[in-house]
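What follows is calculated from the coordinates using simple rules that are stated; it is not laboratory data. Bear in mind the structure is a predicted one, so any value in this text is a computation, not a measurement. Please note: Cβ atoms are built from the backbone with ideal geometry, for glycine as well, and neighbour counts cover all protein chains shown.
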Amino acid sequence: MNSPLILSLTLLLGACATPEDARVVSKTEPASPEQIEASRAVAKSLATQLGGKLKQELETRGPESAIGVCKVIAPQIAADLSKQTGWQVGRVGTRARNAATGTASGWNAQALGVFAERMQQGEKPDALEFAEIVTAPSGTRTLHYAKAIAMQPMCLTCHGATENLSAGIKARLQADYPLDRATGYSVGELRGAVVITRPL
Ligand code: HEC
């Protein structure tokens, strides 16, 4: 039991657990107005491009076909913006439909928590954003930015109460997203956020 390996492991774990140790603690500071503005513009571009495509598809080909916009075109727009900026652009939900890409964790989840709290205090979701710069123990600096996404009437077709979804939509969602948790929302509710991770 008293082998040198176990002893050194114990020492190592003990060292890592010390919270005061600067090497293992990330530092957080506010982002500058310019950094926030640039991030906001990219988040807005995602929302505008996606909203336009979604609306057009809903009007011309109907809701079942519009599922394709959310499934294929939304990640594509996010990927294009990521490529253009060199940042990581995506969307997360307060409850995810696409469990793989839409689940909030870490700072995303923290941002959604802040948004939910501020909405409870009466703030409008459209104005809510979150920004911070994190310096990792290695010295790497990253800007985290999130912009709240609120439910609008046109979102109800696919994210509203299950009993109000059409049979066709329900069937498509069940087939494509067996782990879907993104129904039961009402207009004005916090649906999620556009999230951007930007290496500095
Ligand atoms: C035609 C159906 C449809 C409509 C209308 C729709 N969505 Fe979605 N939504 C989806 C699908 C399908 C996904 C999963 C996309 C994927 O696989 O990445 C999704 C994913 C999302 C996500 C990503 C997080 C997650 O749950 O995976 C957000 C945020 C979101 N939708 C918000 C909205 C908002 C806001 C509106 C209204 C402006 C809206 N959606 C309208 C079908 C729809």
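Quick notes
- Ranked R172, R40, criterion: other C-beta atoms within 10 Å, fewest first: R40, R172
- Lysines with Cα under 22 Å of K53, excluding same-chain neighbours fewer than 8 positions away: K44, K71, K83, K147, K170
- Likely footprinting exposure, Y145, Y185, fewest C-beta neighbours within 10 Å first: Y185, Y145
- Altogether, the Stokes-Einstein calculation at 4 °C and 1.567 mPa s, with the Kirkwood radius of the chain over Cα pairs as Rh, returns a diffusion coefficient of 68 µm²/s.
- Net charge dipole size for segment 25-199 [Lys, Arg +1 and Asp, Glu -1 on Cβ; Debye, nearest 20]: 280 debye
- Extreme residue, positive dipole direction of the chain, given options G188, T28, I133 (C-beta unit charges): G188
- Alpha-carbon centroid distance for the pair segment 64-112 / segment 133-200, whole angstrom: 7 Å
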